[in-house]
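Okay, so here's the structure we're looking at.
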There are 2 protein chains.
Amino acid sequence: MTEYKIALVGFGGVNRGLAQLIAERNAEWKASLGFSIKIVGVTDLFLGSIVAKDGLDAKQLVAMPVEKGVFAQLPGGTAEAFNETVIRHSGADMIAEATFTNPVDGEPATTFCRWALESGIHVVTTNKGPVALHGAELKDLARRHGVAFEYEGSVMSGTPVIRLARQALPGVGIQGFEGILNGTSNYVLTRMKDGLSFNDAVAQAQQLGYAEADPTADVEGFDVRLKVVILANELLNARLNVSDVACSGISSISPEDIAQASANDASWKLIGSASREVDGSVRASVEARLLPNSHPLAGISGATNAVSFNTALLGNVTVSGPGAGRIETAFALLSDIIAIHTTHGKQ
Amino acid sequence: MTEYKIALVGFGGVNRGLAQLIAERNAEWKASLGFSIKIVGVTDLFLGSIVAKDGLDAKQLVAMPVEKGVFAQLPGGTAEAFNETVIRHSGADMIAEATFTNPVDGEPATTFCRWALESGIHVVTTNKGPVALHGAELKDLARRHGVAFEYEGSVMSGTPVIRLARQALPGVGIQGFEGILNGTSNYVLTRMKDGLSFNDAVAQAQQLGYAEADPTADVEGFDVRLKVVILANELLNARLNVSDVACSGISSISPEDIAQASANDASWKLIGSASREVDGSVRASVEARLLPNSHPLAGISGATNAVSFNTALLGNVTVSGPGAGRIETAFALLSDIIAIHTTHGKQ
């Protein structure tokens, strides 16, 4: 029986969700997945850090209050985040990197990923920053050190879009994709269709916890742009940077635009897309588009996300599911670990 | 470089489509997939059979007219379908079984699959009959002989529903599924929403080539029932037989029912579904259901198929795409061959 030793880097909602899954399901995974997981280290800039080579009690970790330096209360724990020690020296086989997304330079998450990979430690992450901004470098680093760099959760949380394309669609000829990749903006557009103004819809999204206090990244398309870079580079073998992707959002769409679309059996959607051009280059954008209601993405409502692949042999294939959520995103990390077990696992 | 030797069993639209893909893409596959495919035998009850251990010209095969016994015109060919010879003695590594679906006993396709598997030859098939009626026996036979029995195309043609569940969703806790699994009946319901009567909508589906001269299997749910058995046994580890699945169709739905549904922001759909009950048993059915338009399957229109998985960790995840088509179904066979290459390939 394989037991993976994991270090959790960042202990917000997502890695707390992973710890909860480990607490509840480790015994079942031994039978159903062929492995179990032991948490040997946790580090978080706010909570502190702890290393325990014999393993930490996942249930106890989940129950830790969100208080500055609280890990100092654990035997062997400290209020300081000794990130490098936890990543390099906890004896972990893999780290689950789930710190905040920094859209400017991907730090400090990218450094955390580098530390792990160059130490021969697998990385699973839900963080868009390192993948969108430094994906090629990190994939190459992983390859050179014979370990995995997996990031299913960086797009559409646990809904398997990257793994679907990689494992179920090789040979199909993916020529491009269109996606609804941000739940907040899609929720806002859905509520505007119900008659709300843009500002009222944003306020409601904030009340429901979908939107941040500053909703700019969601409604102006910046969040989607990172995901488009990740998907284009993954699915179309592109080498796009964020600055290659033209980006506009939904804040200029008026209630009148929405009503007129409905009258014409169409819907406004914030679409992140990329396609391979005749000359072989890849063109990508983020923009509000008016879709006929017969389009596979027109009916995706509320906070749901979806990607429609445009393929040579199957035409359009579309996958939809949650695009956010604590447990949903933690499942992405689990699915990355399962993929590592399949390809690198000690049999 | 691996070269797979394949025998095509049945040479209707689907295997002709596979031959076309081989003719057009073999060179590209060497680079992109790591293998190429050589056709070493073909057999078809109407066209005859041929064995050629050095390989047949795929392009020439595709161009053969659909005439009784036409394979006799090929050097070494015969007007008779020597099925067992082609399957067992053509030197094939695998057969692509794409004969007609027999919903009563799965024959002769099931016998063809048995011959191959017990000879240590992989089977890829798009045929619902053997999988729905004898799936457990054939999977066991494949396991005992160390070969693969793959059948992605038996449900939703090449749209990857089985492979999505197997490879991208382990650990997610699939509790059930609902699917629109028959394009003809969904097309009929979509046209009825546009105002056509049931009979006129069926006639239009027949004109477009979606529906058979006898549309019973499509509109009464019998086709969907076979697919529900396949998916329930695959996704929920059920051991259902066709007779375990209650089945009704759409022929009793009136234009008034459709209009009333539209007025209530809902849609009638023919839904094949299965779910795990509290006692661990699996309950499955095929029936017309009134779905609110917010349901992930309500917006699936025309001949498109879709399956929505109900999962413990992600809620609903839905995949939609083509459910029929010559090349689309041939792609399913290719995706099965890719899966065999990944798991059984000579590296």
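The values are calculated or read from the model by the stated rules, or taken from the named source; none is laboratory data. Keep in mind the model is a prediction, meaning the values are calculated, not measured. When we count neighbours, we look across all protein chains shown, and the Cβ atoms used for this are built from the backbone with ideal geometry, even at glycine.
Observations, loosely collected:
- Every residue from region A:305-347 that is at the interface with another protein chain (Cβ under 8 Å from one of its Cβ atoms), assigned to a strand (DSSP E or B) and either touching a Lys or Arg at 6+ places or on another chain (Cβ under 8 Å) or surrounded by fewer than 23 Cβ atoms within 10 Å (Cβ to Cβ) (or both): A:G315, A:N316
- For region B:1-53, the candidate set comprises residues that are within 14 Å of chain A (Cβ to nearest Cβ) and among the β-branched types (V, I, T); within that set, the residue that is nearest to B:A79 (Cα to Cα) is B:V14.
- Count of region A:37-53 residues, restricted to those that are within 21 Å of A:T126 (Cβ to Cβ) and surrounded by 22 or more Cβ atoms within 10 Å (Cβ to Cβ), is 9.
- Reported count of residues in region B:111-132, each being surrounded by fewer than 24 Cβ atoms within 10 Å (Cβ to Cβ) and part of a strand (DSSP E or B), is 0.
- Taking first residues from region B:304-316 that are without any contact (Cβ under 8 Å) to a residue 12 or more places away in the chain and partners that are surrounded by fewer than 23 Cβ atoms within 10 Å (Cβ to Cβ), the Cβ contacts under 9 Å between residues at least 6 apart in sequence or on separate chains come to B:G315/A:G325.
- Boolean, A:S262 is in a helix (DSSP H, G or I), in contact with a helix residue (DSSP H, G or I) (Cβ under 9 Å, 6 or more places away or on another chain) and either surrounded by fewer than 16 Cβ atoms within 10 Å (Cβ to Cβ) or in the same structural domain as A:S154 (by TED's automatic domain parsing) (or both): yes
- Taking the criterion of being assigned to a loop (DSSP other than H, G, I, E, B) and either in contact with an Asp or Glu (Cβ under 8 Å, 6 or more places away or on another chain) or within 14 Å of A:T101 (Cβ to Cβ) (or both), the only residue of region A:133-147 that qualifies is A:H145.
- Here A:L133 meets each of (1) touching a residue at least 40 places away in the same chain (Cβ under 8 Å); (2) within 30 Å of B:A330 (Cβ to Cβ) with one exception, condition (2).
- Candidate set from region A:149-163 (those that are of a type in the set (G, A, S) and assigned to a loop (DSSP other than H, G, I, E, B)); member that is nearest to the other protein chains (Cβ to nearest Cβ): A:G158
- Here is the figure for region A:80-110: residues that are surrounded by 23 or more Cβ atoms within 10 Å (Cβ to Cβ) and among the β-branched types (V, I, T) total 4.
- Residue match in region A:54-75 (condition: crowded, with 23+ Cβ neighbours inside 10 Å and within 21 Å of the chain's Cα centre (by Cα)): no
- Of the helices (runs of 4 or more DSSP H) that lie entirely inside region A:166-229, those containing 3 or more residues that are within 14 Å of chain B (Cβ to nearest Cβ) and in contact (Cβ under 8 Å) with a residue 12 or more places away in the chain span A:183-193.
- For region B:305-316, the criterion of being out of contact with any strand residue (DSSP E or B) (no Cβ under 6 Å at 6 or more places or on another chain), more than 14 Å from B:I174 (Cα to Cα) and in the same structural domain as B:C247 (by TED's automatic domain parsing) is satisfied by no residue at all.
- Of the strands (runs of 3 or more DSSP E) contained entirely in region A:1-79, those carrying at least 2 residues that are out of contact with any helix residue (DSSP H, G or I) (no Cβ under 7 Å at 6 or more places or on another chain) fall at A:2-9, A:35-44.
- Some residue of region A:235-247 being assigned to a helix (DSSP H, G or I), within 14 Å of chain B (Cβ to nearest Cβ) and within 20 Å of the chain's Cα centre (by Cα): yes
- Restricting region A:293-322 to residues that are among the small types (G, A, S) and out of contact with any Ser or Thr (no Cβ under 9 Å at 6 or more places or on another chain), the residue that is nearest to A:A211 (Cα to Cα): A:G315
- Within region A:263-304, the residues that satisfy the criterion of being within 13 Å of another protein chain (Cβ to nearest Cβ) and among the hydroxyl-bearing types (S, T, Y) are A:S267, A:S294, A:S301, A:T304.
- Residue match in region A:140-149 (condition: surrounded by 21 or more Cβ atoms within 10 Å (Cβ to Cβ), farther than 27 Å from B:H341 by Cβ and either modelled with pLDDT under 95 or of a type outside the set (F, W, Y) (or both)): no
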